[in-house]
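These notes concern the structure reproduced below.
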Amino acid sequence: MNSSQERRIRDWMTSDPITVSGSTTLPEAYWLMVENNIRRLLVVDKNLLVGIVTMNDLRGSFHSEITTIIPFRFNEILFKMPVRQFMSKDPITIAPTANVVEAARKMLEHKISTLPVMDSGKVVGIITESDLFRILVDFCLSQEAERNKKVKAETSKEDK
């Protein structure tokens with residue numbers, strides 16, 4: 001791969017991401033993220049992507065609900081709340097055949113950190129800002145290796 005234009009989402013995405021239903025409770029979603037060392041979950045109901053919920057969404061929900069719930073009923077109410085109440089609905093998506101520059105543009109334009117990857121209406125993966133950083137590092141390292149190779153070739157020509 002010589003340029004970032006040739007780098008496709010399918011080559012960098014996390015395939016078969018962990019998903020939850022809209023009725024998954026906040027604590028269930030939280031512990032699923034903690035146990036799998038992830039920061040976001042795609043919300044799928046009836047095989048359709050309906051939203052995305054992030055660790056920040058969950059943290060924000062705990063803080064916002066604290067002020068409106070009667071203290072002695074806090075656990076009873078909050079721990080039964082479904083993620084559908086806190087998820088971002090109708091997330092922006094991308095195809096696995098799209099290039100990574102398109103993904104970066106979408107993320108920047110919409111100020112988001114995640115794109116569900118969809119193929120024929122089905123969730124097939126997820127690409128995140130962390131993936132884009134990995135791509136950038138890979139690209140920079142490959143460019144540096146190419147430069148070093150050229151310098152080495154030029155140096156060996158001069159030595160002859």
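The values are calculated or read from the model by the stated rules, or taken from the named source; none is laboratory data. Quantities reported herein were computed from a predicted structural model and do not represent experimental measurements. Because the Cβ atoms are built from the backbone with ideal geometry, glycine has one as well, and the counts that use them run over all protein chains shown.
Miscellaneous remarks
- Boolean, residue 28 is touching a helix residue (DSSP H, G or I) at 6+ places or on another chain (Cβ under 9 Å), of a type in the set (Asp, Glu) and not in a loop (DSSP other than H, G, I, E, B): yes
- Counting residues in region 108-129 that are surrounded by fewer than 17 Cβ atoms within 10 Å (Cβ to Cβ), out of contact with any helix residue (DSSP H, G or I) (no Cβ under 6 Å at 6 or more places or on another chain), outside any loop (DSSP other than H, G, I, E, B) and among the β-branched types (Val, Ile, Thr) gives zero.
- For region 130-144, the criterion of being within 20 Å of residue 19 (Cβ to Cβ) and surrounded by 10 or more Cβ atoms within 10 Å (Cβ to Cβ) is met by at least one residue.
- Here residue 90 meets each of (1) surrounded by fewer than 16 Cβ atoms within 10 Å (Cβ to Cβ); (2) closer than 19 Å to residue 106 by Cα; (3) modelled with pLDDT of 95 or more; (4) not β-branched (Val, Ile, Thr) with one exception, condition (3).
- Top-ranked residue of region 96-111 - restricted to ones that are within 14 Å of the chain's Cα centre (by Cα) and among the aliphatic types (A, V, I, L, M), ranked as nearest to residue 40 (Cα to Cα): 107
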